[in-house]
1. Residue check: is A:ASP140 open to solvent by 40 Å² or more (accessible area, probe 1.4 Å), touching a residue at least 40 places away in the same chain (Cβ under 8 Å) and acidic (Asp, Glu)?
2. Take segment B:298-351 and flag every residue that is closer than 18 Å to B:ALA362 by Cα, open to solvent by less than 30 Å² (accessible area, probe 1.4 Å), in a helix (DSSP H, G or I) and modelled with pLDDT of 80 or more.
3. Against the definition (surrounded by 15 or more Cβ atoms within 10 Å (Cβ to Cβ), in contact with a Gly (Cβ under 9 Å, 6 or more places away or on another chain) and either at pLDDT 80 or above or among the small types (Gly, Ala, Ser) (or both)), how does B:ALA263 come out, yes or no?
4. Just to be sure I understand, how many residues within segment B:32-74 are under 34 Å from the mean Cα position of the chain (by Cα), aliphatic (A, V, I, L, M) and at the interface with another protein chain (Cβ under 7 Å from one of its Cβ atoms)?
5. Within segment A:209-218, how many residues are under 25 Å from the mean Cα position of the chain (by Cα) and either within 16 Å of A:ASP286 (Cα to Cα) or open to solvent by less than 40 Å² (accessible area, probe 1.4 Å) (or both)?
6. Taking segment A:97-114, which residues are open to solvent by less than 90 Å² (accessible area, probe 1.4 Å) and in a helix (DSSP H, G or I)?
7. Tally time: how many residues in segment B:242-256 are among the small types (Gly, Ala, Ser) and open to solvent by 30 Å² or more (accessible area, probe 1.4 Å)?
8. Going by what's in this entry, would B:ARG95 be described as surrounded by 14 or more Cβ atoms within 10 Å (Cβ to Cβ), touching a helix residue (DSSP H, G or I) at 6+ places or on another chain (Cβ under 6 Å) and modelled with pLDDT under 50?
Amino acid sequence: MTAPRSPQDLAQALDTTGYLAGEGLSVAAFLALELQRPLFCEGEPGTGKTSLATALSEALGLPLIRLQCHEGIDATQALYDWDFPRQLLHLRTLEAAGDLDPEAAERSLYTRRFLLARPLLQALTEAPCVLLIDEVDRADDEFEAFLLQVLDENTVTIPEYGEVRAATPPLAVLTSNRTRDVHDALKRRCLYHWLDHPDLPQEVAILRRRIPGINAALATQVASAVQALRRMELLKPPGVAESLDWARALSALGRDALDAQSAAATLGAVLKYREDLDRVARQGLDALLAR
Amino acid sequence: MGCDERAADPLTGAVGFARVLRAAGVPVGTDAAGRYLRALGAVDLAERRQVYWAGRATLCRGPEDIPVYDLAFQSWFGDAPPPGAARGGRVREARIAGLSPVPRGGAGREDEADGEALRVAAGDTEILRHRDIAELTPAERAHLDRMLAGLRAGPPTRPALRRRPARTGPVDPRRTLRRTVAAGGEPVRPVHHRRARRPRRVVLLIDVSGSMRPYADALLRFAHAVTHGASGGGARTDVEVFSLGTRLTRLTRAFGSRDAETALAAAGRAVPDWAGGTRLGETLGVFLERHGRRGMARGATVVIFSDGWERGDSALLGTQVALLRRLAHAVIWVNPHAGAAGFQPVQSGMAAALPHVDRLLAGHSLATLQRLLLEVRDA
C-alpha cells in the first residue's frame with residue numbers, strides 16, 4: 001500500500017490483516033514511520049507485540065526480517081559473518097589454478113559473495129522493510145550498545161569490507177517482556193508504547209476477527225473468562241494468544257458454548273502451570289464462567 | 001482555563017508541558033522533547049487524543065512513567081486522558097506523593113507553587129529533623145519521605161591509582177622538570193599533583209525484622225536516596241542494598257528506578273521476610289559467602305542498619321562481623337535505639353558485634369541519617 005497518511009489510515013490497514021490496533025498503538029506506529037524512529041513495545045507476554053511487526057509488514061507490503069534475541073547474542077549472529085569454509089575453498093582453488101598473487105587473493109576473499117548477512121545487515125541492505133528485534137530484554141547490555149549504532153545511523157561498518165548504509169531506514173519494532181530493564185540509551189532513541197491486555201469488547205473483537213466462523217456468544221464467553229483469569233494473580237496470566245488458542249480448541253472440539261465441562265477439557269490451552277490449574281480448580285470453574 | 005491559548009501556540013504549550021513532566025519526575029531529555037515537537041507536527045493537533053498518544057509515545061519510557069504522564073497531561077491540557085489509557089500503570093496509587101510539587105495551574109503559577117512548598121518544608125523540617133521516626137504521624141511521615149528523597153551527599157570516594165595535576169599538594173617532579181627544561185633551564189614555579197579520587201562502593205545492609213519495623217520504610221527510602229541522590233552530579237556512585245532478616249535479599253535491582261515509590265514497591269515485592277525474625281549472624285554469613293568475599297565488600301564502606309536483637313547465635317554474629325571488618329574499608333553500625341538516652345549496647349547481638357565495628361551511630365531521625373551520610377562519605 002502507499003504510506004499511510006494518518007494514524008486512522010494505518011489502523012485501517014492493520015485491520016485488513018486481522019490486527020486490531022488501539023488508538024495509542026496506531027499513533028505510535030504511525031509516528032515511527034513518519035519520524036523514522038524505532039518503536040519500542042513493552043508489555044505483558046501475549047499482548048501482541050510480536051504480531052504487530054508481522055501485521056505491519058503485511059499491511060505496508062514490506063518484507064519482515066526477524067532477529068530473535070537471546071542471552072549471549074553477538075554481532076556475528078545478528079549482523080554478519082564471513083563464510084569461512086567457502087573462503088578457504090576459494091583460496092585452495094586459486095592455489096590449484098596456480099595464479100596466487102597474495103594481495104589480490106586476500107582482496108578477493110573479503111567481498112560480498114563471502115559475506116553472510118545476518119538479520120541486521122539483511123535489513124539494512126533490503127530496506128525498506130520491517131525489522132523485528134524480538135525480546136531485546138533477553139540480550140546483554142553489550143548487545144544493546146551495539147544495537148544503538150545500527151538503529152541510530154542505519155549503518156554498519158565491516159572492517160574488511162566497508163560501510164553498509166540503508167537507503168531508507170527499516171521500520172524497526174523492538175519488543176521486550178521486561179524481564180530485565182533495557183538500557184535508557186536504547187529507549188531514548190525509540191518511540192515507546194506499553195501494550196496492555198485488551199479490554200473485554202476489544203478482546204471479543206479480536207477473537208471474532210481472527211477466528212472465522214466463531215459465534216458471538218462463544219467469543220464473549222471466552223473473552224470474559226480470560227479476563228476473569230487475568231484478575232486471579234496467576235503465575236502466568238493468559239495473553240491474547242492464549243484466548244485465541246482456547247477459542248480454537250473449543251471450535252476444534254465442536255463446542256459452541258463454554259460450560260464447565262468443555263472448559264475443564266480445554267483449560268490446558270489457557271493455563272500453562274500446574275499451580276495455576278490447581279488454583280482455578282479450587283475456586284471452581286463455575287465461578288469463572290458466571291461472570 | 002488557558003488551554004485555548006496553548007492550542008493557539010502549540011510550540012510554547014508543548015515545551016511547557018515537557019517541563020511540567022520533567023518536574024513531575026519523568027526524565028525528559030532535550031532529544032525526547034525535540035522528538036515530541038516533531039511528533040506533534042505529524043498528528044492532528046485538533047484531536048486531543050492524538051496529542052495525548054503522541055506525547056506518550058515520545059516522552060514515556062516505561063510503564064511507571066504513564067500514570068505521571070496522565071496526571072501531568074490532565075493538569076496541563078485540562079483534559080482527562082482517554083478512558084482506560086492508564087491501565088498499564090499499576091503503580092499509580094504509590095506515585096501520588098511524589099507528584100505533589102506538580103503545579104496544578106499554568107506556567108505562571110509554577111514558581112509560586114514551588115516556593116510555597118519550600119516554605120512549608122523549611123518550617124517543619126527543624127522540628128521533624130530530630131523526631132524519632134517511629135513516633136511520627138502519617139502526615140509527618142509523608143513529609144519526612146519527601147525530605148528523605150531530597151537528601152544529597154557527595155559520593156564517598158577513595159584515592160585512585162593515578163595522580164592528577166592540582167593547584168596544591170605534593171610537587172610533581174617529572175612535570176616540573178620538564179617545564180624547567182622547556183624554559184631553558186630557568187627555575188619555574190613547581191607543578192603540584194594529587195591522587196585522583198574514584199567513587200567508593202557503599203553496601204547498605206538493612207535489617208527488616210519485626211523489631212525494626214517502624215524504621216524499615218524510612219531506612220529503605222534513605223537507601224534509595226543514597227543510591228540515586230549522589231549519582232546526579234558527575235561521578236557514579238556504586239551502591240548495593242540488601243535486606244537482612246531471616247534471609248538475605250538483594251535489593252539493588254529493585255532500587256534501579258529513580259522514583260522512590262516505584263523502587264520501594266519493587267523492594268517490598270522482593271523481600272520475602274518482612275517483619276519476621278532475625279538471624280543476623282547467618283544472613284550476614286550468606287552475604288559474605290555469596291557476595292562479600294567475591295569482591296563486593298572489599299574496600300567498600302559497609303553500613304548495617306539493625307537494632308542488634310539477635311535470635312540466633314550471637315557468637316556467630318561476632319565472627320561474621322569480624323570477617324566483614326577485614327574485607328571492608330569501614331563497617332558502620334546504625335542502631336535506631338542508640339540515640340535514646342541511657343542506651344547501652346547490651347543486646348546480645350550488638351554486644352558481640354561492637355568490638356568489630358568502626359563506628360556505632362544512631363539512625364532514628366532525619367538528623368542522624370544526615371549525619372550518617374557525612375560519616376559514610378568521610379569514612
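The values are calculated or read from the model by the stated rules, or taken from the named source; none is laboratory data. It should be emphasised that the depicted structure is a prediction, and the values quoted were computed from it without experimental measurement. Glycine also receives a Cβ, built like all others from the backbone with ideal geometry; neighbour counts cover every protein chain displayed. Protein only, heavy atoms only, side chains kept; ligands, DNA and RNA dropped before computing areas. Shrake-Rupley method; radii C 1.70, N 1.55, O 1.52, S 1.80 Å.
1. yes
2. Across segment B:298-351, the qualifying residues are B:PRO336, B:MET350.
3. yes
4. So the count comes out to 5.
5. Count: 1.
6. A:ALA97, A:ALA104, A:ALA105, A:SER108, A:LEU109, A:PHE114
7. 1
8. The answer is yes for B:ARG95.
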